[in-house]
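A.B. asks: Have a look at this one.
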Amino acid sequence: MATNESGKEKTAVEYLNFGAKTAKRVTWEAWSFRLVGPLQVLVTNESYGVEKDAHAYVVAVEDVGGTIVPRECECPADRFRDDYACKHRAALATVAGPVVMNAAAEFPEKSLEGPDSVDPTPVTDGGHREDQNCDCESLGDLPCWPCYQSERNK
C-alpha cells in the first residue's frame with residue numbers, strides 16, 4: 001500500500017494532480033454520482049440544471065496499492081490533459097469519497113444482466129407462468145392470474 005510523507009496510507013485525492021481552479025469548481029458546483037458498472041461511476045454536474053445530462057461523464061476507478069482512485073474520465077478535459085485530473089475525477093475523489101469509489105470497485109458483474117437473461121418468474125406451484133394451463137374461460141370476462149401477470153389477455 002502506498003504511503004505519504006507522514007507514513008499514513010495515501011488517499012485518493014493525493015493520487016490526483018489538479019490545481020486551485022479545479023478545486024474551487026469542485027467545491028462550488030453541485031454533483032451527483034451513480035454506479036453504472038464495475039469500476040465505473042457516472043459523475044453528473046447538477047449545476048447545469050435541465051442541461052445536466054450533457055455534463056455527465058463516466059469516471060473509471062482502479063485499485064492503486066489498496067486505495068481506490070479515479071483514473072480516467074470520458075470528458076474532453078481529461079482526455080486532452082496529460083497527467084492532470086479533470087473536475088469530475090476530483091469531485092469523485094473529494095465529494096463522493098471512498099464510499100462511492102469502493103462501491104464501484106465491488107460492483108458485481110452479475111448485476112449488469114438485463115431482465116431477458118433472468119429465468120421466468122416462478123409461481124407457487126413450482127412451475128413457471130409459461131408452463132401453466134390457462135383457466136380464463138371459467139372466470140368469464142376476467143383473466144386468470146397467470147394471464148393477468150403476463151398480459152397475455154390484452
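Residue-by-condition table, conditions (1) touching a Phe, Trp or Tyr at 6+ places or on another chain (Cβ under 9 Å); (2) assigned to a loop (DSSP other than H, G, I, E, B); (3) at pLDDT below 50:
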residue: Tyr84; (1), (2), (3): yes, yes, no
residue: Ala90; (1), (2), (3): yes, no, no
residue: Thr94; (1), (2), (3): no, no, no
residue: Val99; (1), (2), (3): no, no, no
residue: Asp119; (1), (2), (3): no, yes, yes
residue: Thr124; (1), (2), (3): no, yes, yes
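A.B. asks: Please state which of the following conditions Val69 fails to meet, knowing it meets all the rest: (1) surrounded by 14 or more Cβ atoms within 10 Å (Cβ to Cβ); (2) in contact (Cβ under 8 Å) with a residue 60 or more places away in the chain.
C.D. replies: Of everything listed in (1) surrounded by 14 or more Cβ atoms within 10 Å (Cβ to Cβ); (2) in contact (Cβ under 8 Å) with a residue 60 or more places away in the chain, Val69 misses just condition (2).
A.B. asks: Another question about this same structure. Quick one: count up the residues across the stretch 33-49 that are assigned to a helix (DSSP H, G or I) and in contact with a Lys or Arg (Cβ under 8 Å, 6 or more places away or on another chain).
C.D. replies: 1
A.B. asks: With respect to Ala20, is the statement that it is surrounded by 12 or more Cβ atoms within 10 Å (Cβ to Cβ) and among the aliphatic types (A, V, I, L, M) true?
C.D. replies: Answer is no for this residue.
A.B. asks: Looking at (1) closer than 21 Å to Asn17 by Cα; (2) among the charged types (D, E, K, R); (3) surrounded by 14 or more Cβ atoms within 10 Å (Cβ to Cβ); (4) at pLDDT 90 or above, find the lone condition where Asp63 falls short.
C.D. replies: Result: Asp63 passes all but (3).
A.B. asks: If you don't mind, there's one more thing I want to ask. How about the stretch 73-95: which of its residues are of a type in the set (D, E, K, R) and buried (at least 18 other Cβ atoms within 10 Å of the Cβ)?
C.D. replies: Passing the criteria: Asp78, Lys87, Arg89.
The values are calculated or read from the model by the stated rules, or taken from the named source; none is laboratory data. Quick caveat: nothing in here was measured; it's all calculated off a predicted structure. All Cβ positions, glycine included, derive from the backbone under ideal geometry; neighbour counts span all protein chains shown.
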